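Let me begin by presenting the structure, written as structure tokens, before commenting on it.
Bear in mind these aren't lab numbers, they're just calculated from the coordinates by the rules spelled out. Everything quoted here is computed from the prediction, not taken from an experiment. Please note: Cβ atoms are built from the backbone with ideal geometry, for glycine as well, and neighbour counts cover all protein chains shown.
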Amino acid sequence: MNPYLPLPHDLVFFLQGLATLLTGMFLFWTLRRFVNRAQGQYFIAFLGFSSLHAWLHMLFMGWTPGSACQWPLIITQLATGAALAMSGYRVFVPVTVRPMLRWLPLAFYLLLGLGLMRSTVTYFMLVHLAGGLLALALAVAGLLRGGVLTGGRPLVQRVAFMLLLVPVLLNAIAPYPIFTHAWGDSLHRLFSSATMNPEMIELVALLLGMGLLHFDARPGRQVVSPLLTDPLRRHFRIALISILAIIASGWLLMGRAQIRQDREERAKLLQAIRNASLAFSAREIALLSGSAADQNHLTYLRIKGQLQDLRKVNPGSRFLYLMGSRNGRIFFFADSEPADSPEASPPGQVYEEASAALRSVFERGREVTEGPLPDSWGIWVSGLVPIREGPGSVVAVLGMDVDASSWQKMLFKARFPALTVMWLGCLLILGAFIYMRKTTENAMCLMESENKYRTLFEESADAHFLMVDGFTDCNAAACRLLGYPREEIIGRQPWDFSPEVQKDGMDSRKQAMDYITRARNGQPQAFSWDHRTKAGDILHTDVLLARHGSEEAPGLQIIVRDRTDEIRRRDLERRMEARLSEVQRWEGLANLAGGVAHDFNNLITSIVGNVHLIQMEGRGNPRVAESLDAILESSRLATELARQMLAYAGKSTLSVRPFQLGQVLENMEKVLKAAAASRARIETEIAPDLPAVLGDTTQLQQVILNLVINAMEAIDRRNGVIHISVARAHFTQEQMLGCVYRDLPAAGEYVVLTVRDNGKGIPADVLARIFEPFYTTKFTGRGLGLAAVLGIVHNHSGAISVQSAVGTGTVFEVRLPASRRLAESKSFRSSEEMPALEPLRILIAEDEDSLLTLAQRILERHGHTVFCASDGEAALALARQHGGQFDLVIADVLMPGMSGLELVVQLKLEFGALPVLLTSGHVPEQNEAAFAKADGFLPKPYHYKDLFKKIYDILHPKKT
């Protein structure tokens, strides 16, 4: 009896369970790569229950069959079959198939119940067969309906192959054919003649299926990722080699244990037969004839009784018998079976299945053991001892048969320690591999996560720092933010890259340590922080400070987001909104001031004109002349007040030319020093090579004078100093935001007038309102000085800023755009002489009746023909009525209905050569094109000599 081949059943069951378990592991790892993991979950359960069932078979081989052993096997059979049926159902039947197909798993349970009622069919074979057939039927139905799930087709093919291969091979070589048809019997005989048993065939099928699953799991065939990565593939090879080594070692140890136990048991068997042979005498046996006639012979009856008693003494034996040989044929003398037993052998019965070993005992007279060998009564292990008559020939042979199944159980118990060690060793290696795989996967996941977060860490637009006692790491954004290389950041502290004091006045080091302490205590900190770059710039940032790492060694993660540009943008937007609101408020005040000035100028024009008429009549009353001069002086002061209001409103008329602002200041220096001699010392500073300024010198002289007067009034001591400087500077739009302006000035070069005093300063509540018209803190003031300055600066497209605090003095800074044009010199011609004019036809359009009458009287007094119109429509009608035959049209700008500007456009359109002179006490901003079409403009109030001079200039233009 070869202890190694064929493999013993317990080893086959062990290998079957191990192969099934490995198949399930491969399938589980493979299914993790498929979209629908439910495709093989039930099949994995089937493999798990199959492995458990095989190992239960292995364990129960050493025990006598009974309910205690059968019920676990039955339960695992039921679970195996249910999982197999549901595997076929879930894998092959999609939701879209016919509803009737969903009841097909009931067929499995019916077949299983039939198998439980028929003892001639083994449950395990029936389970495989039913599951395989069900899977095949459902697979065909699913394929016909096009319902095989996407992404699982290779796996479905492998599972279907395993489900069909296992039951067909297993049932074809069963100890008895399940199918009684001719092809079943033929297939059964074919496999029964082989040395392999059914479990071996199933083991081969499982190993083949496992190989195919592993083939589908190769890196080149994977849907997502390879089944085993390089480190795991190396570990798997080591584990597989170790398992094979353990199996080989266990196989050899099991064989050696079986050989030793078999030798000992055969020796015991022979010893028991020797002892039994002493009860028999060759002479008595010789008295028997070895035929049916011996049944009533007293010697036969006594020998049969002795055999029965010996069987009782040896409970492990199944049969005891005496055999003889006659003419080469072996026959029974007697056996231990009762005479009425169907298995009893009557005396003289020829034993047709005599083995060579049995014949050798008769021939050589040497005791032997043989088996397991089959005969008509079963499969046995036999011990044979010759009975001699003295040293002569053999008279009979005493034999004892032991049931082969009992013998196998005895050998199983001998192999079981080695099998247990092999089993536990394989499970230990599998567990170690699974642990290594899990550990490796976790390490790889951790590495992948670390790489991912390292990528996020490095590629983040925000600055990231890691800190323990100092900075331990930072990303590229942190280096860009601070302007330092990584090597200069590592090991340093947060306050090393911060100003000494934060914007809230707190010490940076102390405040940073407070935040760090709270963060290390598990309280995340979010706050604003100022950083200083390597270049010295201050950055406004948002900081998130959180703990990371273990509680024993907590580290800190710091995320810094630069909000400098955002804060500047928001500050710019806020200042722009505030400036827009302020501009809108000033525009309202400017319109109000302009309207008041316009009406005021109309009244003054009427007063002055009438005074001039009285003076022209030549009345020589001195007292009347004195009163008229007083009226004219008051009118002049009122005119100056109106001009200041117009200057604030930005509606004053400009005589624009390029000039040097420094030269203007030099011309005014003596006057300013003389005026301020009693209160302050005037200091002037004029930078060389100043660019020209495009504007009105008279108005900018007023700006300088008003600012100096304002500074003088702020100085209440004799040692005051007023420093006036003119310089050039380049400003960006952002730098211009701190000024007061009408429209945001463009970036570029500016000429800067600065007036600085060391007076008492301006309180903050007053500083916000100093440019408002009619707002003053002086008892005798009118509140128009700085308002006029602001209007003039706006009229010159400039900006003005003021800085002041109580006790520190005040600094006014006027920024005027530099001009590329060269400065011009201007000569002033006196307007005292009246120009000579020939009689003219003049059309006057004026909505104020007093002014219209006054202008008519003055012009008619000097010999001119005057046509009057109270608005633009009437003037246009007169022009059309006379065909435009006028030498000049004088029109007020602001009139109800058609304004003077609209009248200019229409007259130029219909009568292109007709000269038009516009006059007004208030100049609106709109329709500048209409102003350009007019031939001249005369601001109100005006002297009648200025009116005639302007008429002369229009009708007699200078040739250039």
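Subtract the Cα-Cα distance of ASP537 and THR439 from 0.36 nm times their separation in residues, and report this length gain in nm to one decimal. It would help to have the intermediate numbers written out before the result.
Numbers: separation 98, 0.36 × 98 = 35.28 nm, distance 4.92 nm.
Extending this stretch completely gives an extra 30.4 nm.
According to the Cα gyration tensor, what semi-axes, each the square root of 5 times an eigenvalue, does the equivalent ellipsoid of the range 421-490 have, listed from largest to smallest in whole Å?
On the way: eigenvalues 391, 30, 8 Å².
Rounded to whole Å, the semi-axes are 44, 12, 6.
For TYR453, what is the net charge nearby, where nearby means another residue's Cβ is under 15 Å from its Cβ and Lys, Arg count +1, Asp, Glu -1? Walk me through the intermediate numbers first.
Numbers: positive: LYS452, ARG454; negative: GLU448, GLU450, GLU458, GLU459, ASP462, ASP473.
Here the charged neighbours net out to -4.
The range 273-411: Rg/Rh from Cα coordinates, Kirkwood Rh? Don't jump to the answer; show the numbers that get you there.
Numbers: Rg = 13.9 Å, Rh = 15.0 Å.
Across the range 273-411, the Cα-based Rg/Rh ratio is 0.93.
What is the extension gain from LEU744 to SER801, computed as 0.36 nm multiplied by their sequence separation minus the C-alpha to C-alpha distance, in nm to one decimal?
Values: separation 57, 0.36 × 57 = 20.52 nm, distance 1.33 nm.
Computed gain between LEU744 and SER801 is 19.2 nm.
How much FRET efficiency would the formula 1/(1 + (r/R0)^6) give for VAL501 and ILE614, where r is the Cβ-Cβ distance and R0 is 60 Å, rounded to 0.05?
On the way: r = 74 Å, r/R0 = 1.24.
Efficiency, rounded to the nearest 0.05: 0.20.
Order by neighbour count: GLU370, GLU685, fewest other Cβ atoms within 10 Å first, most last. Kindly include the intermediate steps, with their values, before the conclusion.
Details: GLU370 19, GLU685 12.
Ordered by Cβ neighbours within 10 Å, fewest first: GLU685, GLU370.
Between ARG263 and SER341, what is the label-to-label distance in nm when each label sits 7 Å out along the Cα-to-Cβ direction?
For the pair ARG263/SER341, the computed spacing is 3.3 nm.
What distance in nm separates the two pseudo spin-label positions at LEU244 and GLN881, each 7 Å out from Cα along the beta-carbon direction?
If labels sit at LEU244 and GLN881, their model points lie 12.7 nm apart.
Counting other C-beta atoms within 10 Å, which of VAL740, VAL766 has the fewest, and how do the rest follow? Intermediate results must be reported in sequence, preceding the final value.
Numbers: VAL740 18, VAL766 14.
Fewest-to-most ranking of VAL740, VAL766: VAL766, VAL740.
Taking other Cβ within 10 Å of each residue's Cβ, how do HIS540, HIS882 sort, fewest first? Don't skip to the end; give the middle numbers.
Numbers: HIS540 16, HIS882 12.
Lowest to highest Cβ neighbour count: HIS882, HIS540.
Hey, with R₀ at 56 Å, roughly what FRET efficiency would GLU838 and ALA729 work out to, going by the Cβ-Cβ distance, to 0.05?
On the way: r = 54 Å, r/R0 = 0.97.
After rounding, the FRET efficiency stands at 0.55.
State the extension gain, in nm to one decimal, for the chain segment bounded by GLU352 and LEU427, taking 0.36 nm per residue of separation less the distance between their alpha-carbons.
Stretched out fully, the GLU352 to LEU427 stretch lengthens by 22.1 nm.
R0 = 60 Å: FRET efficiency of LEU5 with THR564, Cβ-based, nearest 0.05? It would help to have the intermediate numbers written out before the result.
Numbers: r = 84 Å, r/R0 = 1.40.
Efficiency at R0 = 60 Å is approximately 0.10.
Quick one: in the range 460-562, what % of C-alpha pairs are over 22 Å apart? Present the calculation step by step, with values, prior to reporting the outcome.
On the way: 1153 of 5253 pairs.
Of all Cα-Cα distances in the range 460-562, 22 percent exceed 22 Å.
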